[in-house]
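Since the structure comes first, as structure tokens, the remarks are kept for the end.
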Amino acid sequence: MNKRDYYEVLGVSKSATDSEIKSAFRRLAKQYHPDINKEAGAEEKFKEIQEAYAVLSDPNKRKQYDQFGHAAFDGNGAGGGFSGFDFSGFDVDLDDILGSMFGTGFGFSGGRSGRRNSRVRGDDVLYHTTLTFEEAVFGCEKDIRIDTNVKCPDCDGKGGHDESTCDVCHGSGTITSEQRTILGSFVSKTTCSNCSGTGKTFKRKCSTCSGRGNIRKNRTITVKVPSGIDNGNRLRVAGCGEVGKNGGEAGDLYLEFQVKDHEFFNREGDDIYLTVPITITDAVLGCKKDIRTLDSVVTLNIKGGTNTGDKQRIKGKGIKNSSTGHVGDMYLLFDVVLPDKLSREQKGLFEKLANTNLENSTYTKFQKFVNKK
């Protein structure tokens, strides 16, 4: 059977470095591996890539191939008869390479090695919880009820009692078999069916968890919520997610917060806004007014001539954000409230006010604009 040139198979030049050859193999192996690529011909392509890499990654075999080509390994060429090219040992190298790409072990034949007895970290969990405006601003301790898998207390997460090493795989969790072909020895690793890849067996299966090693549990945890939490912020609680497997650490719990609106305060970042209603008399003459901030009551001087929409800042009276260390400000937005009803005497006073000199006011400027010819 005519074989393609190994350099052509990997898409590298004959002067390619070991690093370039390995990089090309990684890329092509990931592209054509049968566990990922289900297209027709992918498996044959993958085997061709394996064979090319097995030769070109070995300095001695590459030298023979460069000198004699494929004849170096078919027993009929000038290369001295490398009949039945030996792939032994290469499966270990391939297993390491594919393992780094796919996150698990592979035998040279492309089958999963089934290392199921390794520790696996538990999944993270996302929960949504609601805070009052005050809880978010000042921080609080919050009891959170979560429903997750936890380690079975009766078997300590093992799934059974009276543990012993699996007598089929001898604790490895895998069964290794070797097949000899015209190309040499191919090693295949499969999950041990006797222990399901854990490497351990038990005389008695745990009745509490039915052998799973974990149980579903509804529990309450107390979380310290820092000050300054805002809508959409998340808080990580380490180790309170789903239980790990085979002794792996538990995942984390992430709390995502929704903050309720306040009746009077509005928030923008760490700044607080408060709309302050004032009478028309206060607006015209000015006054002193008690203002409630987040943590106290302050007396504020409101200057005469204040209009609706005017803004005044109180520095450092916003939110103290413990996550960033930033302290916001408080802003007062004034709203001049007009009276609903006026007595005869009050109407007379307003009529007298109508004769007030407004020469330089925006009112007079607007009237001139309207009457402009």
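None of the figures in this text is laboratory data; all of them are computed from the coordinates on show. Not measured: the values here are computed from a predicted model. Neighbour counts run over all protein chains shown; Cβ positions are idealised from the backbone, glycine included.
Listed values, structure above:
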item: Among Gly171, Thr201, Ile221 the positive-end extreme of the charge dipole of region 155-261 (Cβ point charges); result: Thr201
item: Full-extension gain in nm, Asn371 to Asp271, via 0.36 nm per residue minus C-alpha separation; result: 31.7 nm
item: Where the Cα pairs of region 119-169 fall when distances are cut into 10 Å bins, in %; result: 16, 29, 24, 16, 9, 6, 1
item: Region 291-373: Cα Rg divided by the 2.2 N^0.38 Å rule of thumb; result: 1.69
item: Value of D in µm² per second that Stokes-Einstein yields for region 231-373, Kirkwood Rh from Cα pairs, at 25 °C (0.890 mPa s); result: 122 µm²/s
item: Members of Lys3/Lys30; Lys289/Lys315; Lys3/Lys45; Lys151/Lys245; Lys151/Lys217 lying beyond 19 Å, as alpha-carbon distances in this model show; result: Lys3/Lys30
item: Estimated distance in nm for a label pair at Asn307 and Ser19, the labels positioned 7 Å out from Cα along Cα-to-Cβ; result: 7.0 nm
item: Whole-number Å³ per residue for the convex hull built on Cα positions in region 144-287; result: 184 Å³
item: Intensity falloff of region 208-247 expressed as log10 I(q)/I(0), Debye formula with alpha-carbon point scatterers, at q = 0.24, 0.26, 0.31, 0.33 Å⁻¹; result: -0.97, -1.06, -1.23, -1.27
item: Förster radius 45 Å - calculated FRET efficiency between Arg216 and Arg292 (Cβ-Cβ, nearest 0.05); result: 0.45
item: Stokes-Einstein D for region 202-306, Kirkwood Rh over Cα pairs, 37 °C, 0.692 mPa s (µm²/s); result: 169 µm²/s
item: Protection proxy ranking of 196-204, 273-281 - average other beta-carbon atoms within 10 Å, highest first; result: 196-204, 273-281
item: Relative contact order (%) - region 298-373, alpha-carbon pairs under 8 angstrom, separation at least six; result: 22 percent
item: Within-13-Å neighbourhood charge of Thr222 [Cβ basis; K, R +1; D, E -1]; result: +2
item: Spatial separation of Cα centroids for region 296-373 and region 152-169, in angstrom; result: 76 Å
item: Anchor Lys203: lysines whose Cα lies under 18 Å away (excluding residues fewer than 8 positions away in-chain); result: Lys158
item: Förster radius 41 Å - calculated FRET efficiency between Val337 and Gln258, Cβ distance, rounded to 0.05; result: 0.80
